[in-house]
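The values are calculated or read from the model by the stated rules, or taken from the named source; none is laboratory data. Small disclaimer: the values here were computed from a predicted structure and weren't measured. Because the Cβ atoms are built from the backbone with ideal geometry, glycine has one as well, and the counts that use them run over all protein chains shown. Each accessible area value is taken on the protein alone, full model and side chains, heavy atoms only, with ligands, DNA and RNA left out. Shrake-Rupley method; radii C 1.70, N 1.55, O 1.52, S 1.80 Å.
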Amino acid sequence: MRYRRPLLALTALATLAACGGGADAANDGDGGNPVKGGTLRIAFWDDAQGCIDPNQVYWIESRSLNRQFADSLTDQDPETGKIVPWLAESWEVNDDATSYTFKLRDDVTFSDGTKFDAAAVKTAYDATHALGAKSLLGLTYTAGYKSTEVVDDYTVKVDFDQPNSAFLQASSTTTLAILSPETYRQTPEERCTGDNLVGTGAFTLDSYTAATEAKLSRRDGYAWPSELIENQGDAYLDAIEVSYIKEDSVRVGSLTSGAIDIAWPRLPISEADQKVIEATGAGIESRSLPGISSSYFPNVGAGKPLADVKVRQALQKSIDRKSYASTVFWDGYPVVSGPFDNTTPYATDSSGVLAYDPEGAKALLDEAGWTAGADGYRAKDGEPLTLTIPAQNTTPGDQLVQDQLKQVGIKVELNVLTLAQYQAAAADGDYDLLATYYTRADPSVLGSVLDSGVSQAGTAQLSQDPATKKEISGLFAEGLQDVAEDKRAGTYADLQKLILEQGVMFPLYERVQTAGVASKVHGFAWTSEAFLRANDIWISQ
Amino acid sequence: MTSVKWLTSSTARYLAGRVLQAVIVLWAVYTVTFGILYLLPSDPVELQLAAANVQVDELSPAELAAAKQQYGLDQPLATQYFDQLGGLLRGDFGQSISLHRPVGELLAERLPSTLALGATAIGLALVLGGTLAYLAAYVRVAWLKTVLNRLPAVGVSLPPFFVGLLLIQVFAFELGWFPATGTQGASSLVLPAITMAVPTAAMLAQVLTRSLDDQLAEPYVATAAARGLSRQYVQARHALRNALLPTLTLLGLLLGATVTEAVVAETVFSRPGVGQMAQQAVLAQDVPLVQAIVVLAAAVFVVINLLIDLVYPLFDPRITHTPRVS
């Protein structure tokens, strides 16, 4: 029996389309028929991890490259979150999500000529799991991994010793991409350098120099893309060349002067730069990164102001997320509407709970015994209401929050620290609010930040009182057991409601990826996790 | 003639002393760097694990011990110190934690580009600074002299990243004469080299103008002029030679600063070189890599200043390297 997820309606997609800007100008449709040939030159902002092994990488930009040369068992529809067949034709999941049986395609080869089969999948999954903490993402994706069994040449059975209903989505990620068995003879460090990374992708990785450049070229005879890809054969591009340009103005100028075809920074391209880019006829493509929205997590330890749920609820109401989006970014930038960015499957729209309500916040603070003093800040028993937020640098957004909270009488101290001090502060709970986020197109991702039963991180251990911890851990465990679509949806809806109402998390903004795309580039597409999909890209002459 | 005097046995003894001195300086640099990096209040183990993207939170005690062992961090501090020092002496710089490759290999890969950039920049700075100073001393039109005298102050005050971005905007994006990024071919050297040369040239010009003016006020200049030599000849042959010494000293310091200047130029122009790598290594807290770059920069500095000391007698025969008689 083939198990398929029903369509997921993502209410927020309309918002997303609205911030697409001139996306259409750079998309297919008005560019005529695709032509073969040409080199696509992409400039990212940085390559701090310095690793190109899909199984180990967490760096977003590297994963965009991974997707071009390494395929996975399944693929995920960016619009619905639905998991669709790719290197696996079909699959079955047992009732408690502890066993997955994948039926594989039998016509796939690695770029070194080796056959793709069940043994190759076993080698890849075992090796990825063996990476342990070297693969931060792999660690959570394969939580509870027991073994992969070769049932026959083209059937594998992946077993877990605890429920992991998120594994099906994990099997679509670059992290669980399948490389050739030969590749895994190298040490993890050797694989990072990308000298001999062999996948089944539409491109091959020719060379990679950390933080400097990467070169990929088309693989001829590619015939096994997922149904999400229009072009079912060889890619159109001859090659992809990647460079890293740190300076925003240089990256934008390189695009507008034609030295590169795609300018792809991590932070959204500023409104001013977007205008410059669009003035040359180029377009701006954008998509929210699925996963945890950029949020603050509280420290509710004894004696801390946020130990009181009323203060946390007041804080939830004191943040004006609409003006954050339009001030820090631009008018029309999607406003965060829950714990997840709107591209995450099972994300619920919680705009109601997150509505800006300074009067309500003041009333709650009064009730909690924090009264306004002469300087406008509130105090209780002579103690001022001060929240400390550690940061490695302060952004205009931080200062805006500082100002917004001042309106209701909460004083924010931005504590600028070096990386080392920051890590120490986070570990010791030396903060009131800690900012973090995480990318993954599955709601279980929140568990790695909030589930105290799984994670030892401060965001999990310090953000909830014991009773809430129990409730939240229970819901996360339930979510990982649920195989049925509607049950999963129900569990994660309850979880999101609980988290926001209890003030366990304070969403701040959607994390939107933007890319400036030259007018001669057509067919630009995002993967579900907002990485590049180059199969359909072609360049008009 | 001078060169014969230069190579006497006393010079050899001087040289040996200086080399010993250089070795001590390098050892001190290594030790201080090691101390700073390891004696920081933070846990070096966690820092290095963080640099390697290993999350301490996620590790069990056994895994943590294994991770420490992998990076040699389970050894006592003294053992680590001597192991790394020994490795350095053998030319083994260890393994970069953030880039997953031997440090020696990384340096070998990135040094050529930085050396080419540094050499071009210094050459350019010498030509620009020298010409400016020479003209400033030679010109007799008062307002022009003032302008030429003030120019270096402007050059020193301009922040290099601003100069770099301005050059990119005009010469790469508007005019399209030179590439804005990368290391392809000699044309990619031009803009970053100018960026680095501007402050260096300005400092050289300031010092050289000043010493030229001083020299031109000396009585021997008047004597030479009285003997019928042209102003041009006196400035070029007599004054310039005497004025060069302070400039030469400064040049030694400026050459040593090339690595730090390269950090800015290489970042703005997206050139993968040692400077850019230094910046990344510091941000990633990649201790072995930072250490290797610091020691390398110190070695360059020490060697260049030694060479400059040795060259002094060529310019001024009064300076000898014979040890003083006690």
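Whether a residue is out of contact with any Phe, Trp or Tyr (no Cβ under 8 Å at 6 or more places or on another chain), crowded, with 20+ Cβ neighbours inside 10 Å, of a type in the set (A, V, I, L, M) and assigned to a loop (DSSP other than H, G, I, E, B) was assessed, and A:A177 passes this test. Taking the conditions exactly as written (surrounded by fewer than 24 Cβ atoms within 10 Å (Cβ to Cβ) and at pLDDT 95 or above), does A:L197 satisfy them or not? For A:L197, the condition - surrounded by fewer than 24 Cβ atoms within 10 Å (Cβ to Cβ) and at pLDDT 95 or above - is not met.
Is it the case that some residue within the range A:524-537 is in contact with a Gly (Cβ under 6 Å, 6 or more places away or on another chain), crowded, with 24+ Cβ neighbours inside 10 Å, within 29 Å of A:D71 (Cα to Cα) and modelled with pLDDT of 95 or more?
For the range A:524-537, residues in contact with a Gly (Cβ under 6 Å, 6 or more places away or on another chain), crowded, with 24+ Cβ neighbours inside 10 Å, within 29 Å of A:D71 (Cα to Cα) and modelled with pLDDT of 95 or more: present.
Scanning the range B:189-217 for residues that are surrounded by fewer than 20 Cβ atoms within 10 Å (Cβ to Cβ) and within 18 Å of B:T267 (Cβ to Cβ) yields a total of 1. Restricting A:D126, A:D152, A:D161 to residues that are more than 14 Å from chain B (Cβ to nearest Cβ), open to solvent by 50 Å² or more (accessible area, probe 1.4 Å) and touching a residue at least 60 places away in the same chain (Cβ under 8 Å) narrows the list to A:D161. If you go through the range A:206-214 one residue at a time, do you hit one that is touching a Pro at 6+ places or on another chain (Cβ under 7 Å), under 30 Å from A:E89 (Cβ atoms) and assigned by TED's automatic domain parsing to the domain that holds A:L65? Among the residues of the range A:206-214, not one is touching a Pro at 6+ places or on another chain (Cβ under 7 Å), under 30 Å from A:E89 (Cβ atoms) and assigned by TED's automatic domain parsing to the domain that holds A:L65, which makes the answer no. Spot the failing condition for A:S452; the list is (1) under 19 Å from A:A143 (Cβ atoms); (2) touching a Lys or Arg at 6+ places or on another chain (Cβ under 9 Å); (3) touching a residue at least 24 places away in the same chain (Cβ under 8 Å), and only one is missed. The number of the failed condition is (3).
Quick grid of which residues meet (1) within 14 Å of another protein chain (Cβ to nearest Cβ); (2) surrounded by fewer than 22 Cβ atoms within 10 Å (Cβ to Cβ); (3) within 16 Å of the chain's Cα centre (by Cα):
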site: B:R231; (1), (2), (3): no, yes, no
site: B:E266; (1), (2), (3): yes, no, yes
site: B:R271; (1), (2), (3): yes, no, no
site: B:G275; (1), (2), (3): yes, no, yes
site: B:D286; (1), (2), (3): yes, no, no
site: B:A297; (1), (2), (3): no, yes, yes
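Return yes or no: is B:L245 open to solvent by less than 40 Å² (accessible area, probe 1.4 Å) and closer than 23 Å to B:Q206 by Cα? For B:L245, the condition - open to solvent by less than 40 Å² (accessible area, probe 1.4 Å) and closer than 23 Å to B:Q206 by Cα - is met. Scanning the range B:241-262 turns up no residue that is within 14 Å of chain A (Cβ to nearest Cβ), closer than 30 Å to A:D46 by Cα and touching a residue at least 60 places away in the same chain (Cβ under 8 Å).
Residues considered: B:V290, B:V282. Of these, the only one that is farther than 30 Å from B:A205 by Cα, touching a helix residue (DSSP H, G or I) at 6+ places or on another chain (Cβ under 7 Å) and open to solvent by 40 Å² or more (accessible area, probe 1.4 Å) is B:V282. Only residues that are part of a helix (DSSP H, G or I) and facing another protein chain (nearest Cβ under 9 Å) were counted in the range A:33-70, giving 0.
Where strands (runs of 3 or more DSSP E) fall entirely within the range A:216-324, those with at least 2 residues that are of a type in the set (F, W, Y) and crowded, with 21+ Cβ neighbours inside 10 Å are at A:291-298.
Across the range A:221-247, what is the number of residues that are within 14 Å of chain B (Cβ to nearest Cβ) and touching a residue at least 40 places away in the same chain (Cβ under 8 Å)?
Of the residues in that region, 6 qualify.
Do you know which of the residues in the range B:85-103 that are closer than 14 Å to B:V287 by Cα and in a helix (DSSP H, G or I) is modelled with the highest pLDDT? The extreme case among them is B:V103.
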